[in-house]
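The values are calculated or read from the model by the stated rules, or taken from the named source; none is laboratory data. Everything quoted here is computed from the prediction, not taken from an experiment. Note that each Cβ is placed from the backbone with ideal geometry, even for glycine, and that neighbours are counted across all protein chains shown. Just the protein is used for accessible areas: all its heavy atoms, side chains included, with ligands, DNA and RNA removed. Shrake-Rupley method; radii C 1.70, N 1.55, O 1.52, S 1.80 Å.
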Amino acid sequence: MDISRNQTERELAEATTESLEVSGGMDAKAKETRGGLDQEHADIAALLAYERIVDYHQQFKKDGVIFTPSREKLMDRVLTKTADGTWMQLIGETGTGKSTFAKRASWILNVEPAQIASGEESGDVRQLIGSPTADFNKRTFYNFGPLVVSLTGCQNSIEMEEAIKNGTETSGKLLLLDELNKFDQDALFGALKIAANLRPGEIFNFKELPGVKLRMARRGVAIVATMNP
C-alpha cells in the first residue's frame with residue numbers, strides 16, 4: 001500500500017513539475033494569447049528545469065545512475081514484485097544500474113543494506129551458505145554466508161540456535177546475487193531450489209552446514225539477481 005501511494009503521489013508531482021517546466025504556471029489560453037511565456041513564467045520554467053538537472057547530476061555523482069521517470073517506474077516494479085515475494089532477475093549492460101536497483105530496494109523494503117554475493121569474485125556456491133570456524137573457547141560453529149543470512153536473519157549458527165531455542169522471531173534480508181551467470185550453475189540451482197520451497201518459519205538444513213538446524217524468517221526475505229545479456 002505504501003509503494004502504491006508513493007507511486008501515485010510521485011506521478012502526480014512529476015506531472016505537475018513537467019507541466020510547470022513547459023508553461024511556468026501560465027494557462028494554455030494566456031500562453032497562446034501572449035504568443036509564448038513572458039519573462040516571469042519563463043524564469044519559473046527555467047528554474048524547475050535547472051533543479052531537475054542538478055538533481056540528476058547529484059544522483060550520478062553519488063550512485064553512477066540517474067533515476068529518470070522511466071527508471072522510477074522500473075524501480076516501482078522491482079519493489080512491488082519483491083515485496084510480493086517474487087525473486088527478480090535484472091538483465092542489462094554494465095553500468096546500467098542493476099546493482100543499484102537491488103541495493104535501493106533493500107533500503108526501501110528492509111531499511112538496511114543488502115547481503116551481496118558476486119559470482120565474479122567467487123563462483124563457489126559454498127561461500128553463499130557458510131563455513132566452520134571456532135571461538136576463543138575452541139567451540140566450533142558456522143558463520144553463515146549471504147544466502148543463509150538472508151533466509152534466516154542470523155549471522156551464524158550460535159545466533160540461529162538461540163533464536164530457535166527462545167522462540168525469537170527474526171527478519172530476513174534482501175540478497176543481491178551479482179553476476180549470476182558466473183556462479184557454478186548446478187550447485188547454485190540446488191541451493192536456490194531448497195530456498196524456493198521454504199515457507200516462513202519452516203525448519204530446514206543445507207548439507208554444507210551439517211548438524212545445523214535453520215529456520216526460515218517470517219518476513220523480509222528477498223532475492224534479486226543481476227547479469228549481463
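If you take all C-alpha pairs in the range 155-213, what percent of them are over 17 Å apart?
Looking at the range 155-213, the distances longer than 17 Å represent 51 percent of pairs.
For the chain, which DSSP H helices look membrane-span-like by this rule: Cα extent along the axis of 20 Å or more and mean Kyte-Doolittle of at least 1.6?
Membrane-span-like by this criterion, though nothing is claimed about a membrane: none.
Amide H to amide H under 5 Å from Ala225: which residues, 5+ apart in sequence or cross-chain, H placed 1.01 Å off N in plane?
Met88, Gln89, Leu90, Leu177
Can you figure out the FRET efficiency of Asp55 with Arg219, using R₀ = 41 Å and their beta-carbon distance, to the nearest 0.05?
Given R0 = 41 Å and the Cβ-Cβ separation, E is 0.80.
Quick one: if the Förster radius is 35 Å, what FRET efficiency do Arg126 and Ala83 give, using the C-beta to C-beta distance and rounding to 0.05?
With R0 = 35 Å, the Cβ-Cβ based efficiency is 0.70.
Grab the beta carbon distance between Thr140 and Ile91, set R0 = 41 Å, and tell me the FRET efficiency rounded to 0.05.
Efficiency at R0 = 41 Å is approximately 0.50.
If ligands, DNA and RNA are left out, what is the accessible area of Ile158 with a 1.4 Å probe, given in Å² to the nearest 10?
50 Å²
Past the 22 Å Cα-Cα mark, which pairs from Lys98/Lys182; Lys173/Lys193; Lys31/Lys73; Lys81/Lys182; Lys173/Lys213?
Pairs exceeding the cut-off: Lys31/Lys73; Lys81/Lys182.
Per residue, what volume in Å³ does the convex hull of the Cα atoms of the range 106-229 enclose?
Spelled out: Cα convex hull of the range 106-229, divided by residues, is 114 Å³.
Between Ala46 and Lys29, with labels modelled 7 Å along Cα→Cβ, what's the label distance in nm to one decimal, could you check?
Reported label-point gap for Ala46 and Lys29 is 2.9 nm.
Could you state, as a whole-number percent, how many of the C-alpha pairs of the chain are farther apart than 32 Å?
Of all Cα-Cα pairs in the chain, 37 percent lie more than 32 Å apart.
Give the share of C-alpha pairs in each 10 angstrom bin for the range 4-118, from 0 to the last occupied bin, in whole percents, shortest bins first.
12, 33, 28, 16, 10, 2, 0
Would you work out the relative contact order for the chain, in percent, from Cα pairs under 8 angstrom that are 6 or more residues apart?
So the answer I get is 20 percent.
For the range 43-111, what size does the Cα cloud have along each of its three principal axes, sorted from largest down, in whole Å?
Reported extents, whole Å, longest axis first: 47, 24, 21.
To the nearest 20 debye, what is the magnitude of the charge dipole of the chain about its Cα centre, counting +1 on the Cβ of each Lys and Arg and -1 on the Cβ of each Asp and Glu?
920 debye
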